[in-house]
Amino acid sequence: MSRAPLRRMALVTLLVLLALAPLVPALAQSVPQNIGGGIPALTVKSNANGGQTWSLSLQIVAVMTALTLLPAILLMMTSFTRIVIVLSFLRQALGTAQSPPNQVIVGLSLFLTLFVMSPVLNNAYNQAIKPYMAGQMSAEQALPKATAPFKKFMLDQTRDTDLQMFAKLAGDKPYANKAAVPFRVAVPAFVTSELKTAFQMGFMLFVPFLIIDLVTASVLMSMGMMMVSPMLISLPFKIMLFVLVDGWTLLLGTLANSFYT
């Protein structure tokens, strides 16, 4: 994979992170408002005896602390949640304890997330990051434009019932349009809706493999082989079924097509 999409994702994520800073009261007071003018990393003061005192800017400390929210942003504002849960359900339905391992599932989920989110990242890059780096707009103008594609993506996947529930919990009136929905309502509503969708897809994955387990258990009972584990006998048949129907291509294609981008 080329470095350009990863660099775009990092730049867009940084702008989104700065846009979410008001959600954290501790960071709201320390994140600078004039980001476009530059942030001094070190402050050098001269002492009376001719020496110098070096101090790290509190703004830099706040930004570095805010970077710890990047994993949460990846989980809560992209397609990663649905993908990784469905793949975990698949492993449980197959009955393979460690195949594929967690590293493979997480890595596949990350790259499939990057593939699904590429239109959103491109929109945010072209509308906000590129003009901002070219000096055509300030940081205050770029932040809303960078976060707008992410909000649209989340609201397109969110059920109206979930959105209404969190709007009611927040004490907000019905919103005139999707652009008026704040991030503090859009993010939890999106995550709740993603969990519902992921569990529904996981249930559909379990059904054919559960049928194989039931048939295998019934055959073993009829043969009087009650001491033999049905899971041990049904595992090769479930793997064979998954391979014959080209399960990985079917599952990953269905996951990628299940998002509205």
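Scanning segment 245-256 for residues that are more than 23 Å from Glu194 (Cβ to Cβ) and surrounded by 12 or more Cβ atoms within 10 Å (Cβ to Cβ) returns a single hit, Val245.
Screening Phe242, Phe190, Phe209, Phe166 for residues that are more than 23 Å from Ser109 (Cβ to Cβ) and open to solvent by less than 50 Å² (accessible area, probe 1.4 Å) leaves exactly one candidate, Phe166. Of everything in segment 93-107, what is open to solvent by 30 Å² or more (accessible area, probe 1.4 Å) and in contact (Cβ under 8 Å) with a residue 60 or more places away in the chain? Give them in sequence order. Across segment 93-107, the qualifying residue is only Gly95. Only one of the listed residues (Lys145, Lys168) is over 19 Å from the mean Cα position of the chain (by Cα) and more than 29 Å from Val84 (Cα to Cα). That residue is Lys168. Residues that are touching a residue at least 24 places away in the same chain (Cβ under 8 Å), closer than 30 Å to Val243 by Cβ and either more than 21 Å from the chain's Cα centre (by Cα) or part of a helix (DSSP H, G or I) (or both): does segment 117-129 have at least one? Yes, that holds for at least one residue.
Quickly run through segment 167-182 and pick out the residues that are touching a residue at least 12 places away in the same chain (Cβ under 8 Å) and assigned to a helix (DSSP H, G or I). Ala167, Ala170, Lys178, Ala179, listed by residue number. On the basis of being under 28 Å from the mean Cα position of the chain (by Cα) and modelled with pLDDT of 85 or more, does Asn257 make the cut? So Asn257 passes the test.
So which of Val185, Val219 is open to solvent by less than 60 Å² (accessible area, probe 1.4 Å) and either assigned to a helix (DSSP H, G or I) or not polar (S, T, N, Q) (or both)?
Numbers: Val219 fails: open to solvent by less than 60 Å² (accessible area, probe 1.4 Å).
Selected residue: Val185, the only one of Val185, Val219 that is open to solvent by less than 60 Å² (accessible area, probe 1.4 Å) and either assigned to a helix (DSSP H, G or I) or not polar (S, T, N, Q) (or both).
Exactly one residue among Lys238, Lys173 is of a type in the set (Lys, Arg) and within 24 Å of Leu251 (Cα to Cα), and that residue is Lys238. Scanning segment 65-87 for residues being small (Gly, Ala, Ser) and touching a residue at least 40 places away in the same chain (Cβ under 8 Å) gives a total of 2. Filtered by the rule that a residue be out of contact with any Phe, Trp or Tyr (no Cβ under 7 Å at 6 or more places or on another chain) and either β-branched (Val, Ile, Thr) or loosely packed, with under 14 Cβ neighbours inside 10 Å (or both), segment 148-163 gives Asp160, Thr161.
Is one or more of the residues making up segment 148-166 in contact with a helix residue (DSSP H, G or I) (Cβ under 7 Å, 6 or more places away or on another chain), of a type in the set (A, V, I, L, M, F, W, C), under 30 Å from Phe242 (Cα atoms) and part of a helix (DSSP H, G or I)? No, every residue in segment 148-166 fails to be in contact with a helix residue (DSSP H, G or I) (Cβ under 7 Å, 6 or more places away or on another chain), of a type in the set (A, V, I, L, M, F, W, C), under 30 Å from Phe242 (Cα atoms) and part of a helix (DSSP H, G or I). Taking Thr249 as the residue in question, decide whether it is of a type in the set (Ser, Thr, Tyr) and touching a residue at least 24 places away in the same chain (Cβ under 8 Å). Considered against the rule, which asks whether it is of a type in the set (Ser, Thr, Tyr) and touching a residue at least 24 places away in the same chain (Cβ under 8 Å), Thr249 comes out as no. Within segment 115-138, the set of residues being within 14 Å of Phe153 (Cα to Cα) and open to solvent by less than 50 Å² (accessible area, probe 1.4 Å) comprises Val116, Met117, Ser118, Pro119, Val120, Leu121, Ala124.
The values are calculated or read from the model by the stated rules, or taken from the named source; none is laboratory data. It should be emphasised that the depicted structure is a prediction, and the values quoted were computed from it without experimental measurement. Cβ: placed from backbone, ideal geometry, glycine included. Neighbour counts: every protein chain shown. Only protein heavy atoms, including side chains, enter the accessible area calculation; ligands, DNA and RNA are left aside. Shrake-Rupley method; radii C 1.70, N 1.55, O 1.52, S 1.80 Å.
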